[in-house]
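Participant: Dropping the structure in here first, questions after.
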Amino acid sequence: MNVVSFEKNLRIAGLQKNSTVDFPGLLSAVVFFAGCNFRCYYCHNSAILDSAADGLPLLRVGEVMDFLDRRRGLLDGVVISGGEATLQQGLYAFAKNVKAMGYKVKLDTNGSRPETVASLLDGGLLDFVAVDYKAPFRMYGEVGGGPAAHEAAGRVLETFGLLRDAGVPYEIRVTMIPEITEKALAEMAESLPRLERFALQLYRPTGDDGRLRPVGDEEAGRGQPYTPTDLERLAKGIRYAQPNVTVR
């Protein structure tokens with residue numbers, strides 16, 4: 001397969017060769033692209049957020065495409081993830097080649113590049129889209145790591161609008177970090193029309209990124225992350241606005 005035409009415009013930082021959880025209902029491979037315009041403190045892929053970082057190991061695009069070519073008939077789908085994959089200039093060509101192999105394609109995105117999402121949708125290259133809904137839009141700079149995230153809030157809302165009209169299955173998902181209080185979650189749920197898929201997912205602290213939400217006494221160090229039971233209670237509380245909310 002000739003990938004020279006778009007290889008120089010792609011930076012692939014990782015490949016998960018099979019997954020049963022990343023693409024609903026399908027056995028898939030997950031391709032992680034380097035680089036992101038957000039700096040969320042809780043990102044589990046923080047090592048690949050800076051695409052120009054010295055020493056960041058990258059995979060050859062040709063090797064990834066050859067792997068996918070060999071797995072035809074064994075895998076059902078390919079998940080395009082990151083980092084933020086929509087920053088990649090060669091993403092359209094990559095997705096087109098993957099679709100040509102017969103795969104279903106899912107995009108994981110922060111929603112900050114609606115023009116790229118629109119291009120992929122118009123090309124018939126996406127079969128599922130998952131968008132991370134970081135926080136109430138007024139808090140995007142705080143949660144997303146600075147001015148770039150703050151400025152992207154309006155574009156994220158535009159991406160939500162695109163997906164509602166696209167006819168492609170999609171999911172809006174919220175990682176329940178401590179900054180998202182019950183009141184903030186209600187604000188988020190009410191700011192969008194009713195969605196087919198609205199998911200709350202646990203915040204799982206790793207390393208030194210752990211943050212605690214206040215519980216009772218708000219003295220420093222007293223608190224805990226949300227639990228699965230907490231998320232079930234919070235989901236119940238927003239069903240008036242998002243009746244299809246789920247917890248994972």
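Values in this text are rule-based calculations from the coordinates and carry no lab data. It should be emphasised that the depicted structure is a prediction, and the values quoted were computed from it without experimental measurement. Please note: Cβ atoms are built from the backbone with ideal geometry, for glycine as well, and neighbour counts cover all protein chains shown.
Participant: Return the residues of the stretch 39-88 that are touching a residue at least 60 places away in the same chain (Cβ under 8 Å) and surrounded by fewer than 16 Cβ atoms within 10 Å (Cβ to Cβ); say none if nothing qualifies.
Facilitator: Arg39, Tyr41, His44, Gly62, Asp66, Asp69
Participant: Out of all the residues in the stretch 16-38, which are surrounded by 15 or more Cβ atoms within 10 Å (Cβ to Cβ) and in a strand (DSSP E or B)?
Facilitator: Across the stretch 16-38, the qualifying residues are Ser19, Ser28, Ala29, Val30, Val31, Phe32, Phe33.
Participant: With the checklist (1) more than 19 Å from Leu49 (Cβ to Cβ); (2) crowded, with 18+ Cβ neighbours inside 10 Å; (3) under 14 Å from the mean Cα position of the chain (by Cα); (4) of a type outside the set (D, E, K, R) in hand, flag the one item Thr175 doesn't pass.
Facilitator: Looking at each condition in turn, Thr175 falls short on (1).
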